[in-house]
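Laboratory data are not the source of any read-out in this text; all were calculated from the coordinates shown. What you see is a predicted model, and the numbers here were worked out from it, not measured in a lab.
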């Protein structure tokens, strides 16, 4: 026996995703990430995602894009960099602007602003996934408890400083 829709509307199927069904793991990850990146001023997520290719390995190791502010005469790219690397980056600014102009187009970045600070990096992880790994079956060793507690304390202190 065929079931009919009691309300009289044609039964075309659900218009929204059904609840309780598992979806793909990374199905909407780029959507959520791009919303956060747009709040930071990045209209296109590829500048952040391909930063290592755009800036080069040397610069990407010591600086990361933090914010992009568009203006009438060009944008201002704010980079968070290691404290001791700001002098090196000031000397590399023309080369970095040239690389950014090649990627984004001429005149898009008028100035690069450097903010010294500590970069968030995973401790103990190599740059390449296969470098330095003994075997794929071996689980990664966790941080010792004192180091993990110090790391947690630093993150909480930074979070408190941001809210003040």
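Each Cα pair under 8 Å and six or more residues apart adds its separation to the average, and for region 41-121 the resulting relative contact order is 32 percent. Shown for region 41-121 is the translational diffusion coefficient from the Stokes-Einstein equation, using the Kirkwood radius over Cα pairs, a temperature of 10 °C and a viscosity of 1.306 mPa s: 126 µm²/s.
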